[in-house]
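Trainee: One structure is given below, represented as structure tokens, and several questions about it will come after.
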Amino acid sequence: MFSFIFDEEALSHFQILKEAFTTAPILSHFNPSLPTIVETDASDYALGDVLSQVNDSGKHPIAFDSHKLLPAELNYEINDKELLGIVWALKCWGVFLLSLSNSFEVLTDHSSLQYFMSSKVLTPSQARWAEFLSEFHCTISYRQGRLATLPDPLSRRDAVYPERGVDCINKNPQEFHQIIKQDEIQESRFFSIKMEIFSDLVDKIQKEVCQDKDYKEILKQLS
């Protein structure tokens with residue numbers, strides 16, 4: 001019969017596993033009785049969000065999320081992108097956050113968002129977001145961007161950046177069309193050559209005219 005010996009080596013491995021299961025990056029189960037933090041960040045092309053809770057060992061991640069911005073969202077001002085990051089996170093984890101009896105904290109690196117809920121002038125989109133945020137018992141707090149070590153990488157994954165160049169065109173030919181046709185390019189080159197010839201001719205005429213005595217006399221009479 002197999003017998004397990006819990007020696008020093010086994011104890012060492014047990015402690016390693018224990019630490020792994022109780023610290024990041026291993027996720028923890030959500031506990032509605034613990035202080036809760038939502039961290040958000042937005043880049044030009046994506047959003048990054050982290051849901052964490054504070055237990056006896058400190059802050060521990062519950063969930064991570066990353067969202068690639070839609071074509072219309074890419075046109076948002078940075079303030080609206082950061083705000084969208086908060087809205088997206090609360091939609092994503094609303095089932096957890098609405099179960100909290102205490103207020104939770106939302107951390108953003110965009111300082112003006114601290115006062116968003118008290119703003120008097122809002123765009124239609126911002127008004128809808130404000131109405132949605134009012135359903136949650138939360139506080140939006142400013143945190144310097146350099147301290148956003150968790151959500152920042154999620155909003156800047158390589159996969160969210162648009163492809164460029166010929167390879168991108170070859171992969172997605174239906175999304176591109178040639179603005180200038182080949183025959184138009186040839187015509188453009190021919191026109192450019194004609195303009196160069198014409199310009200050279202004008203220079204020669206001006207040079208000869210300046211040396212023509214009769215022309216000088218005519219100009220003198222006209223003036």
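Trainee: Please get the size of the charge dipole for the range 63-107, origin at its Cα centre, with Cβ charges of +1 on Lys and Arg and -1 on Asp and Glu, quoted in debye to the nearest 20.
Mentor: Its charge dipole is roughly 160 debye.
Trainee: Separate question: Tell me the net charge near L97. Cut-off is 14 Å between Cβ atoms, L97 excluded, with +1 for each Lys or Arg and -1 for each Asp or Glu.
Mentor: The answer is -4.
Trainee: Across all directions of projection, what mean area in square nanometres is found for the Cα convex hull of the range 107-154?
Mentor: 4.0
Trainee: Further, regarding this structure: Going highest first, how would you order 113-120, 6-13 by mean Cβ packing within 10 Å?
Mentor: Ranking the peptides 113-120, 6-13 by packing returns 113-120, 6-13.
Trainee: Summing +1 for each Lys or Arg and -1 for each Asp or Glu, what net charge is found among the other residues whose Cβ lies under 13 Å from the Cβ of E135?
Mentor: In short, +1.
Trainee: Let's test the formula: R0 of 41 Å, r as the Cβ-Cβ distance of R146 and S101. What FRET efficiency results, to the nearest 0.05?
Mentor: 0.80
Trainee: Can you pull out the GluC sites (Glu not before Pro) in the range 10-105 whose DSSP state is coil and whose Cβ has at most 16 other Cβ atoms within 10 Å?
Mentor: E77
Trainee: Which residues does the label zone of S33 cover in the range 82-105, counting backbone N under 13 Å from a point 7 Å along Cα→Cβ?
Mentor: Answer for this model: 101.
Trainee: Across every pair of different alpha-carbon atoms, what Kirkwood hydrodynamic radius in Å does the range 26-165 reach?
Mentor: 15.5
Trainee: May I ask you to derive the relative contact order of the range 26-165, considering only C-alpha pairs under 8 Å and at least 6 residues apart, and to give it as an integer percent?
Mentor: After rounding, I find 31 percent.
Throughout, read-outs are computed from the coordinates displayed, never taken from laboratory work. What you are looking at is a predicted structure, and each value in this text was computed from that prediction instead of being measured. As a convention, Cβ positions derive from the backbone with ideal geometry for all residues, glycine included, and neighbour counts pool all protein chains shown.
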